[in-house]
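Notes to accompany the following structure.
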């Protein structure tokens, strides 16, 4: 069966997307749970261990506190309380921390540092995995055992004000509630006032036991202006006043004889140096935890707070309220809270905590009895029993207290190692689905690699021996074998397996496909080997060797793929791309030099051998040839300047946005522009950029689209002015800021209009006349529609990225790709490199935190899921997308030079996409145990691993996101279905939803 | 070569050439060895003489000593060997213009390298002196040798660095050492983003070390490669 390269490539990509989807489904493990809906019951609690048979404590210990107020401040960083900022802006809290009856800790959150998983962690005590980020699109009610459920069950009355995520997680748990939505990040006063307005009345009442306040303002300020902005100080002072109010009110309610009250101040996650969160850098992970109660001893001086895990708060609060610990808790009791209680009580609490952990361990690990933590717990339990016996006998000697301390230490050690090993096996991987996915991806890769020579031949067609392999015996044998394996695997595993749960027809289709692919690959390879030898010889003699540029392109692509094995290279991937891009420009420069200097030389050499003229004669002949083509000389210098201009552009863009991890905090041009003093500069820059965009794009458009583009770009500026990013010259600073809905929708209309004209032209060229000119104009119009949309969604300081992108494309097309006659494969790889580099030039990185979610709200009144996802995904991947669409335009205009250009480009793109995808999959599989072993590694390593996870996650997204684009390049008919392709992109970007939902905070 | 000579004389000529080449290769080996030794000495001698000298700690000192050493040895060797193209006029004024022109070329190449390094992402203002020192080192490894062997002659440079443009084994060695030092510097940039926090990851140490190692490797590779390919290498006579 002969098929075209482009069709073949599209087919491969579709299969690969399927393989990756299967792999991802298996890769993101479900967190450890003894069972989802089971809840701890009071009746299940163990009695106090005792060696003997004297009566002892069998019930749950009584509560330690009467009322608990939890003040959760979103994105409260540890140094906002314990650092110099706290000293300056939170004097009351600092006073309590330093001199008051309080305990302070640094609570370490786990990645992903977004609000919903953190709330879940705080309330269940378990560690939500990355799957929770992915799966919780609609934030369904929390079914797991949790503190809120236990409290409700015990008849505690709860009141909640703040982020409505809580209301969705815990519906019908609160006797009184008021949720604030955090849709508009730019609002940082109203959200908090909506919480505080209830405070006075609630504090006066006596009908509640637990009050939870979740303040969002600080997080919004962080997203808007970062942790060092001038808005942070007043916000912290506001929070301090609120704490003061609550604390004095609680103090006044304190009665003799009754239990004391507890005030908890905590943060759900921190804030990175740029003000966002989601990753796992130290400032994002470290949150303060301050427990204030008259039951505690007064502090004498400020001590450096101890570090605890964020989940440790769960068992501590459970005991504080006299509730059973929730079932899936992996946290450990914070012992200093109990410092005033008797040793017997302390041991009792530790025993309960240990018992719960050992239960969880028993339920989740098969070989739990061999675990050191479990053994330690058994030993501690025994010595606890012995101690109890002595204690109940009335022994009060020194020996007893020493022994008690020993038991305490044993318990603490046991808790620690059990907690560690529980979080270690946080996830089980669905290996079978992963393997099937990997096999499909690898097969596609092999198929692509095996057919390189055919697909890149001048006919751009390849011969797939499909029918012969479908009728062969090995095919049926393989089918049978795979079915057997499938049945065996699915019947033998106890754990749930996604691939097994699929319907039979689908599974069978996959099996048939896999075996067919295997047969095809084998037969192609066999054919290559059998009559490949003489051919390869002739080939090697005919086109001997690659040029330097080819070598660079190949080694660069492969080297980049290999570099992803090191986590630092993933973190700093932008450096790799910038570096490669610079080298590429220099290599192109060398090529240009060679063309314009030594081509003449070789020509001269030819002349040399013929006439042997003297140098002077040559010079004169040079002179005589020059005047005849002054434009050629002009062209030559422009061509020489092109790579240098590109280099300069890249250098400027590089300093526009600092990304990555190690150097992300360095000041960059983008921050300078965004600071409030530089409004005028930003406005000027945005205006010039928009004008330049117009001039760069308009030249190949029809008149209608030209006008639409111009108006659209005007609309972009007025949108930015309405939102308050830029200024009109006649406007004064400090006027009202709107959401700019009208302006944004105005632009959307023009975007749609331009896309429509483009689609119309394409259709016309396809149906009525097969006119290449109309077709390329249509393509260019679609492209300019994409550019306009990008201009709207990009933040104003990023508009130069768009300008430089267009500039580089224009000059490179004009002088390099056309001038130097690079073939389609080379051009495709160059486009791919540029696209990757521009992804980072935009300020993105392999970290979730750098995704600019504000793009999802442009022109929307409310949060509407699908458009928001689409817009966010579009603005994130705008760089690669623009380059890919430009590649389509370019290759289409090249078809007259070589008809196979489109096929070659498409094929190369597929190959370029599938090599990293396959390598990432293998890397992710081999590193899977590193990713989630949170507590075993030192904090630094932990940080890195979490990061790897992050970036892998985004990598998958990434290869996903821009892959369907190749379909655009693919069959030229598919061009009208641009929308369809974008639909696929946004389907893939479903992973962003969680992010959007979570980041409503 | 014009194929007008008889086969016998052609083989004789080839033989003569091969012996000539062998002598030249030997000369090159010794010259390259001296240059390599000078680099080693530039590392060892200051370590013995100076207190608290280390390649990482006082990197710039090492860099300057190394640069100066290599430059001096190069100039000395190539003046002694007389590889540079014979000039028609041997007057003092001509020599002076040649030397001053060479200095100008050298300065220019330093600035060019500096520019390229900045384009590659080196900080623009901070640590500009380090960047410039690195540029000087690279120029010493590449431009200075070109100046010594080819003289300040732009045409000759273009010839040598275009494909199949080498006219003597010195040209080939120039191509190899230049390429290897540049590639060494290029590869030296890769460890910088790794967060191993080693002393040699500080800018520009890994790059300078890469360039130096590449240069030394080039010095050894060049004669070996020429020796290996001496049959295939036929140079056009000037």
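The values are calculated or read from the model by the stated rules, or taken from the named source; none is laboratory data. This one's a predicted model, so the numbers in the text were calculated from it and none came from an experiment. Please note: Cβ atoms are built from the backbone with ideal geometry, for glycine as well, and neighbour counts cover all protein chains shown.
In table form, for the structure just shown:
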quantity: Considering residues of region B:105-115 that are within 18 Å of the chain's Cα centre (by Cα) and without any contact (Cβ under 8 Å) to a residue 24 or more places away in the chain only, the residue farthest from the other protein chains (Cβ to nearest Cβ); calculated: B:107
quantity: Evaluation of residue B:171 against (1) surrounded by fewer than 16 Cβ atoms within 10 Å (Cβ to Cβ); (2) part of a helix (DSSP H, G or I) (one fails), failing number; calculated: (1)
quantity: Qualifying residue in region A:595-613 (condition: at the interface with another protein chain (Cβ under 9 Å from one of its Cβ atoms), surrounded by 13 or more Cβ atoms within 10 Å (Cβ to Cβ), modelled with pLDDT of 65 or more and closer than 19 Å to residue A:821 by Cβ); calculated: yes
quantity: Region B:187-206, residues that are facing chain A (nearest Cβ under 9 Å) and in contact with a helix residue (DSSP H, G or I) (Cβ under 7 Å, 6 or more places away or on another chain); calculated: B:189, B:192, B:193, B:194, B:195
quantity: Region B:162-182, residues that are within 14 Å of another protein chain (Cβ to nearest Cβ) and under 25 Å from residue B:72 (Cβ atoms); calculated: B:175, B:178, B:179, B:182
quantity: So residue A:535, is it modelled with pLDDT of 85 or more and either within 13 Å of another protein chain (Cβ to nearest Cβ) or in a helix (DSSP H, G or I) (or both); calculated: no
quantity: Single unsatisfied condition, residue A:355 versus (1) over 45 Å from the mean Cα position of the chain (by Cα); (2) part of a helix (DSSP H, G or I); (3) surrounded by fewer than 21 Cβ atoms within 10 Å (Cβ to Cβ); calculated: (1)
quantity: Matching residues, region A:569-585, being part of a helix (DSSP H, G or I) and either in contact (Cβ under 8 Å) with a residue 40 or more places away in the chain or not assigned by TED's automatic domain parsing to the domain that holds residue A:835 (or both); calculated: A:570, A:571, A:573, A:574, A:575, A:577, A:578, A:580, A:581, A:582, A:584, A:585
quantity: Region A:698-714 residues that are buried (at least 19 other Cβ atoms within 10 Å of the Cβ), paired with ones that are outside any helix (DSSP H, G or I) (beta carbon under 7 Å, 6 or more apart); calculated: A:709/A:701
quantity: Residue A:491 assigned to a helix (DSSP H, G or I), out of contact with any strand residue (DSSP E or B) (no Cβ under 7 Å at 6 or more places or on another chain) and buried (at least 19 other Cβ atoms within 10 Å of the Cβ); calculated: no
quantity: Residue within region A:207-214 that is over 20 Å from residue A:119 (Cβ atoms) and surrounded by 15 or more Cβ atoms within 10 Å (Cβ to Cβ) present; calculated: no
quantity: Residue A:386 being over 42 Å from the mean Cα position of the chain (by Cα) and assigned to a helix (DSSP H, G or I); calculated: yes
quantity: Some residue of region A:137-148 being at pLDDT 85 or above and part of a loop (DSSP other than H, G, I, E, B); calculated: yes
quantity: Residues of region A:330-340 classified as assigned to a loop (DSSP other than H, G, I, E, B) and touching a helix residue (DSSP H, G or I) at 6+ places or on another chain (Cβ under 8 Å), total; calculated: 5
quantity: Verdict on residue A:400 being more than 30 Å from residue A:361 (Cβ to Cβ) and either assigned by TED's automatic domain parsing to the domain that holds residue A:333 or crowded, with 19+ Cβ neighbours inside 10 Å (or both); calculated: no
quantity: Qualifying residues in region A:638-658 (those that are within 12 Å of chain B (Cβ to nearest Cβ) and in a loop (DSSP other than H, G, I, E, B)) - the one modelled with the highest pLDDT; calculated: A:655
quantity: Residue in region A:203-211 that is assigned by TED's automatic domain parsing to the domain that holds residue A:267 and closer than 30 Å to residue A:795 by Cα present; calculated: no
quantity: Residue count, region A:563-576 (criterion: more than 19 Å from the chain's Cα centre (by Cα) and more than 9 Å from every other protein chain (Cβ to nearest Cβ)); calculated: 0
quantity: Sole residue being surrounded by fewer than 20 Cβ atoms within 10 Å (Cβ to Cβ) and away from chain A (no Cβ under 14 Å), chosen from B:135, B:156, B:211, B:128; calculated: B:128
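Conditions (1) touching a helix residue (DSSP H, G or I) at 6+ places or on another chain (Cβ under 7 Å); (2) outside any helix (DSSP H, G or I); (3) over 26 Å from residue A:747 (Cα atoms), marked per residue:
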| position | (1), (2), (3) |
| --- | --- |
| A:666 | no, yes, yes |
| A:670 | yes, no, no |
| A:673 | yes, no, no |
| A:680 | no, no, no |
| A:684 | no, no, no |
| A:695 | no, no, no |
| A:705 | yes, no, no |
| A:710 | yes, no, no |
| A:715 | yes, no, no |
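Yes/no matrix, rows are residues, columns are (1) more than 16 Å from residue A:101 (Cα to Cα); (2) in contact with a strand residue (DSSP E or B) (Cβ under 9 Å, 6 or more places away or on another chain):
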position: A:263; (1), (2): no, yes
position: A:266; (1), (2): yes, yes
position: A:271; (1), (2): yes, no
position: A:274; (1), (2): yes, no
position: A:282; (1), (2): yes, no
position: A:286; (1), (2): yes, yes
